[in-house]
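K.L.:
Below: one structure in structure tokens.
The values are calculated or read from the model by the stated rules, or taken from the named source; none is laboratory data. Just so it is clear, the model here is predicted, and its values are computed rather than measured. Methodologically, a virtual Cβ is constructed for each residue, glycine included, from the backbone with ideal geometry; neighbour enumeration extends over all protein chains shown. Surface accessibility is based on the protein's heavy atoms, side chains included, excluding ligands, DNA and RNA. Shrake-Rupley method; radii C 1.70, N 1.55, O 1.52, S 1.80 Å.
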Amino acid sequence: AQVAAALDAGASGVSLGLRYPPGASADALELAAVCAEAARRGAFCSAHIRDEGAGLLGSIREVLALARDCRVALQVSHLKAMGRAQQGGRAQGGVLQALALLDEARAAGQDVAADAYPYEATSTTLLALLPRWVSDAGPKAAAAMARDPALRPQVSTALAHDDFPAAAVEVAHVPAGPLRWTEGLSLADAARRLDRDPMVLVLDLLATSPGGVQIVHHALDPADVRAVLAHPAVAVASDGWVQHPSAGGRPHPRSYGTFARVLGRFVREEAVLTLEDAVRKMTGLPAARLGFDDRGVLRPGAVADLVVFDPARIRDTATYRDPHRFAEGVEHVFVAGRPVLGGGALTGARPGRVLRSTRTAT
């Protein structure tokens, strides 16, 4: 009923966070009921799959079957493969096989697409590193577990394995507490400065910052990133949010640099995409997916949302060490025909508004 009300109010679809609580607890019947409601209204389902590591292909098959049975369009959110065993085409179970599954479904008539961001690092909450019996409890309960002397050893033992990514995980944001100084450091470096085990540091971060600690995880293979971005059914997505330098912290640079990075690095420098295809992946492809028939294209009668950039100069400047930096090479931006950026400077105009999908019920 909640899905129906949201779609009637103009939502474009329903999203499933199957990797995170509470979505991780949803069973097949619940997911089918939610997605069937979206299908009845011509909306689509965006799915963050359950497992992007060893269970990648099984997780892809799960959402493909769900979408097929419900007859709903499917968007696989930020497709990637985590873990060296699944990466770079070296083993079965990686992104090449995942893309093949999507192609098979599309060839069979399913409306299936995906999106990806152009970086070799992911970003999520610190909870994602913990065993499911901890993370599924939610941030507040996990913080309580991390403070509980009886439970701390159990959590620490569950974390202690040979491939725990202490050196590859950086602390992006600590909202409060005595460990805010760890922002920008890897778990390994921060633990070394404290002379404690990285697993103990994870518990201390959880215990002292119950609001949720954000991390950046350097865990993807460059070849995988290129392969996914190049696929014709994959749109470019930042998986970020609106940022301002005053917010501080060391967030993932994708919130500042995603689209300029694609145009500068993956079009101009590496020729992974043509300029035309890259623009399509950022504009017309996602607009059509969202049901916005009058946006994302240049034609008479369409809304004049325009970006004027220099293909020879555009580039991202945000880095993991210095993420709060804006892209270069963007000269003008128009929203609904009104200039919001002119000559590289903000005009002060704010003509943006919440968009309502133009999809109709089937």
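K.L.:
Taking into account only those residues within the stretch 335-356 that are of a type in the set (A, V, I, L, M, F, W, C) and surrounded by 12 or more Cβ atoms within 10 Å (Cβ to Cβ), which is nearest to the chain's Cα centre (by Cα)? Show your work before the answer.
P.N.:
Taking the stretch 335-356 and keeping what is of a type in the set (A, V, I, L, M, F, W, C), we get 335-336, 340-341, 345-346, 349, 354-355.
After this cut, where a residue has to be surrounded by 12 or more Cβ atoms within 10 Å (Cβ to Cβ) as well, the list is 335-336, 340-341, 349, 355.
Values: Val335: 24, Ala336: 27, Val340: 26, Leu341: 26, Ala349: 29, Leu355: 21 Å.
Looking at the filtered set, the residue picked out is Leu355.
K.L.:
Report those helices (runs of 4 or more DSSP H) wholly inside the stretch 129-182 carrying at least 3 residues which are open to solvent by 30 Å² or more (accessible area, probe 1.4 Å) and not charged (D, E, K, R). Steps first, answer last, please.
P.N.:
Details: elements: 132-135, 139-147, 152-159.
Once the helices (runs of 4 or more DSSP H) in the stretch 129-182 are filtered for at least 3 residues that are open to solvent by 30 Å² or more (accessible area, probe 1.4 Å) and not charged (D, E, K, R), what remains is 139-147, 152-159.
K.L.:
Look through Leu229, Leu185 and report the one residue that is surrounded by fewer than 22 Cβ atoms within 10 Å (Cβ to Cβ), within 25 Å of Arg84 (Cα to Cα), touching a strand residue (DSSP E or B) at 6+ places or on another chain (Cβ under 7 Å) and at pLDDT 95 or above. Steps first, answer last, please.
P.N.:
Numbers: Leu229 fails: surrounded by fewer than 22 Cβ atoms within 10 Å (Cβ to Cβ).
Answer to the check: Leu185.
K.L.:
List every residue pair whose Cβ atoms lie under 6 Å apart, where the two residues are 6 or more positions apart in sequence or sit on different chains, the first residue falls within the stretch 1-13 and is at negative phi, and the second residue, located anywhere, is open to solvent by 30 Å² or more (accessible area, probe 1.4 Å).
P.N.:
Here the result reads Val3/Val34; Val3/Glu37; Ala4/Glu37; Leu7/Arg41; Ser12/Leu290, each pair linking the stretch 1-13 to a residue that is open to solvent by 30 Å² or more (accessible area, probe 1.4 Å).
K.L.:
Any chance the stretch 263-270 includes a residue that's without any contact (Cβ under 8 Å) to a residue 40 or more places away in the chain and either out of contact with any Ser or Thr (no Cβ under 8 Å at 6 or more places or on another chain) or open to solvent by 40 Å² or more (accessible area, probe 1.4 Å) (or both)? It would help to see each step written out before you state the result.
P.N.:
First, the residues of the stretch 263-270 that are without any contact (Cβ under 8 Å) to a residue 40 or more places away in the chain: 269.
Now drop any that are not either out of contact with any Ser or Thr (no Cβ under 8 Å at 6 or more places or on another chain) or open to solvent by 40 Å² or more (accessible area, probe 1.4 Å) (or both), which leaves 269.
There is at least one residue in the stretch 263-270 that is without any contact (Cβ under 8 Å) to a residue 40 or more places away in the chain and either out of contact with any Ser or Thr (no Cβ under 8 Å at 6 or more places or on another chain) or open to solvent by 40 Å² or more (accessible area, probe 1.4 Å) (or both).
K.L.:
Would you say Ala146 is free of Cβ contacts under 8 Å to residues at least 40 places away in the same chain and under 13 Å from Leu129 (Cβ atoms)? Talk me through it step by step, then tell me what you get.
P.N.:
Values: free of Cβ contacts under 8 Å to residues at least 40 places away in the same chain: no; under 13 Å from Leu129 (Cβ atoms): yes.
Against the criterion (free of Cβ contacts under 8 Å to residues at least 40 places away in the same chain and under 13 Å from Leu129 (Cβ atoms)), Ala146 does not qualify.
K.L.:
Further, regarding this structure: Going by what's in this entry, would Gly249 be described as touching a strand residue (DSSP E or B) at 6+ places or on another chain (Cβ under 6 Å), closer than 18 Å to Thr122 by Cα and not in a strand (DSSP E or B)?
P.N.:
yes
K.L.:
Could you tell me which residue of the stretch 301-314 is farthest from Val171 (Cα to Cα), considering only residues that are surrounded by fewer than 16 Cβ atoms within 10 Å (Cβ to Cβ) and either free of Cβ contacts under 8 Å to residues at least 12 places away in the same chain or not aliphatic (A, V, I, L, M) (or both)?
P.N.:
Going through the qualifying residues, I end up with Gly301.
K.L.:
Still on this model: Would a scan of the stretch 193-210 turn up a residue that is basic (Lys, Arg) and more than 23 Å from the chain's Cα centre (by Cα)? Quick ask: steps written out before the conclusion?
P.N.:
First, pick out the residues of the stretch 193-210 that are basic (Lys, Arg): 193, 196.
Among the residues that remain, those that are also more than 23 Å from the chain's Cα centre (by Cα) are: 193, 196.
Looking for residues that are basic (Lys, Arg) and more than 23 Å from the chain's Cα centre (by Cα), one finds at least one in the stretch 193-210, hence yes.
K.L.:
Arg132 fails exactly one of the following numbered conditions: (1) in contact (Cβ under 8 Å) with a residue 40 or more places away in the chain; (2) farther than 25 Å from Ala81 by Cβ; (3) over 19 Å from the mean Cα position of the chain (by Cα). What is the number of that condition?
P.N.:
Condition not satisfied by Arg132: (2).
K.L.:
Would you pick out the residues in the stretch 271-288 that are of a type outside the set (A, V, I, L, M, F, W, C), touching a strand residue (DSSP E or B) at 6+ places or on another chain (Cβ under 7 Å) and open to solvent by 30 Å² or more (accessible area, probe 1.4 Å)? Walk me through it before giving the result.
P.N.:
Of the residues in the stretch 271-288, the ones of a type outside the set (A, V, I, L, M, F, W, C) are 274, 276-277, 280-281, 283-284, 286.
Now restrict to residues that are touching a strand residue (DSSP E or B) at 6+ places or on another chain (Cβ under 7 Å): 281, 286.
Pro286 - this is the single residue of the stretch 271-288 that is of a type outside the set (A, V, I, L, M, F, W, C), touching a strand residue (DSSP E or B) at 6+ places or on another chain (Cβ under 7 Å) and open to solvent by 30 Å² or more (accessible area, probe 1.4 Å).
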